[in-house]
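One structure is given below, encoded as structure tokens.
The values are calculated or read from the model by the stated rules, or taken from the named source; none is laboratory data. Everything quoted here is computed from the prediction, not taken from an experiment. A quick note on method: Cβ atoms are made from the backbone with ideal geometry, for glycine too, and the neighbour counts reach across all protein chains shown. Calculation scope for accessible area: heavy atoms of the full protein, side chains included, ligands and nucleic acids excluded. Shrake-Rupley method; radii C 1.70, N 1.55, O 1.52, S 1.80 Å.
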Amino acid sequence: SLDLVENATGIFLTGGNQMRLSAIIGGTRFEELVRKRNTEGAVVAGTSAGASILSAHMVALGSSGATPKLRMAQMFAGFGLINNVIIDQHFRQRDRIGRLLSLVASNPGLLGIGIDEDTAAIIDSDNTLRVIGRHSVTLVDGSHMKSDIFQVNRYGEITISDARLHVLGSGRKFDMTSRAMLDD
């Protein structure tokens, strides 16, 4: 019932298929309540597709691989609880660096966040990201990036230069505003 969401202090979104999750709850009263409760201080978390849908831009439908290629993945609208980021999950386990690089190349203002399995990226209200868990969170900062994405045809490889890459282990913190790792 929506009353449970209205009174929740914590909301957890399940994994599964991003498109299915978006098609079922995107634009509904449930999504509206999740955003409202988050604004009011409720913690909102998700795993797999549930993590991806938290950002304004959500990865959906994509392939794996280390080399960034055009049309390697698609983006759809997410809930927008976190702006200016795109979140990918099962990151190193499914070799998704290429698709995150390609998505950031097409939207260099976004901060790409790749979350490994058994790992969490906790984002506080002050825009600080903290890593907990067994593995790492990879961040792709495209604010200085140069690419030839606008010249690439079909599924061609994308040339990328000056992308800043951060790989943070458990316990590390990152300032998402200044896009820099924070010292402990």
Filter result for the condition that a residue is without any contact (Cβ under 8 Å) to a residue 24 or more places away in the chain and open to solvent by 30 Å² or more (accessible area, probe 1.4 Å), over 62, 109, 27: 27
State yes or no: is residue 123 open to solvent by less than 50 Å² (accessible area, probe 1.4 Å) and touching a residue at least 40 places away in the same chain (Cβ under 8 Å)? no
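Within the group 92, 71, which residue is closer than 16 Å to residue 166 by Cβ, in contact (Cβ under 8 Å) with a residue 40 or more places away in the chain and open to solvent by 40 Å² or more (accessible area, probe 1.4 Å)? Before the answer, list the steps.
Working: 71 fails: closer than 16 Å to residue 166 by Cβ.
The match here is 92.
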Among 49, 23, 45, 73, which is the only one that is under 16 Å from the mean Cα position of the chain (by Cα) and over 28 Å from residue 178 (Cβ atoms)? 49
Cβ-Cβ under 8 Å pairs, at least 6 apart or on other chains, segment 170-181 side on the phi > 0 side of the Ramachandran plot and of a type in the set (A, V, I, L, M), far side part of a strand (DSSP E or B) and open to solvent by 40 Å² or more (accessible area, probe 1.4 Å): none
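Going by the conditions given, is residue 66 of a type in the set (Gly, Ala, Ser) and assigned to a loop (DSSP other than H, G, I, E, B)?
Details: of a type in the set (Gly, Ala, Ser): yes; assigned to a loop (DSSP other than H, G, I, E, B): yes.
Yes.
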Being open to solvent by 30 Å² or more (accessible area, probe 1.4 Å) and without any contact (Cβ under 8 Å) to a residue 40 or more places away in the chain narrows it down to one of 33, 2, so name that one. 2
